[in-house]
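Enquirer: Can you read through this structure? Questions will come right after.
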Amino acid sequence: MTAMEKPQKKNKKRSRFRRYRLIIGGVLILLSSFFLIMLFVKPADYDDEIGPYPAYGTQSRYLTNEIMPAIYNNHQRGRPFEITITQTGANDILRHSDVPYMLANSGVTNPQIRMTNDKFVFMVSANAAGANVVVTFGLNAQIDEEGLMNISVDKLKFGSADISLFWPFIARQVLRQYEIPDVVPDEADYWPERITAAVLKQQSFEPILSFAGMEMRVEDIQISPGELTARLEPLN
């Protein structure tokens, strides 16, 4: 090999390396751009024109006129019974609760519920760099053999970008930032707090409902498109 051939080979290698680097860089830029676009794609079933929220403190008529009387009448019989909550009704209860006001303090708005096959979907709009991103949580809720409730996140999406793999890391960061480790699911009287703690800490909890002088245990939960059916056992 002559002295001139060696520099030529080195130049070819450098040129090939630069070309590969440019190709890889271009692919990464395209993937990043695609990911950013997906972040701001609104899911088809998310309603961003749901209208103003009811005045704070007002109650859901679906809860007071349909669900509560059905629970009260069945509770009086002292036997296990089933209660079905529709997706529309669940969203009405959510809109009249204080959850939207609590979330608004963190820049999260317009919470909505969807019910699919064996899955409870919770969707919110979060402000990210001045733009609204729809965050979707897919939750599995089951009663185990010991009668404890397990709630786990099996789907997490920002816009249409699936980032479920990052959920364990995100959960750890939320726990660290908001000091939720001090909240024990079995001791949280407020169900949104109990569910939040259970989801983030991946802990089971006693599914006891206590209100209006009635106490019941949730024995089973079945979720189908558009409705949730719970089997309740009166405890008093």
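Each value in this text was obtained by applying a stated rule to the coordinates, not by laboratory testing. Model, not experiment: these values are computed from the prediction. All Cβ positions, glycine included, derive from the backbone under ideal geometry; neighbour counts span all protein chains shown.
Enquirer: At most 14 other Cβ atoms within 10 Å and a DSSP loop assignment: could you name the GluC sites (Glu not before Pro) in the stretch 51-151 that fit? Mind dumping the intermediate values first?
Expert: On the way: sites: 66, 82, 145, 146; in loops: 145, 146.
Sparse-neighbourhood loop GluC sites (Glu not before Pro): 145, 146.
Enquirer: Turning to a different aspect of this structure: I need 102, 216 ordered by Cβ neighbour count within 10 Å, fewest first.
Expert: On the way: 102 13, 216 23.
Going from sparsest to densest Cβ surroundings: 102, 216.
Enquirer: Given a cut-off of 27 Å, what percent of all Cα-Cα pairs of the stretch 61-234 lie beyond it?
Expert: Everything past 27 Å amounts to 26 percent.
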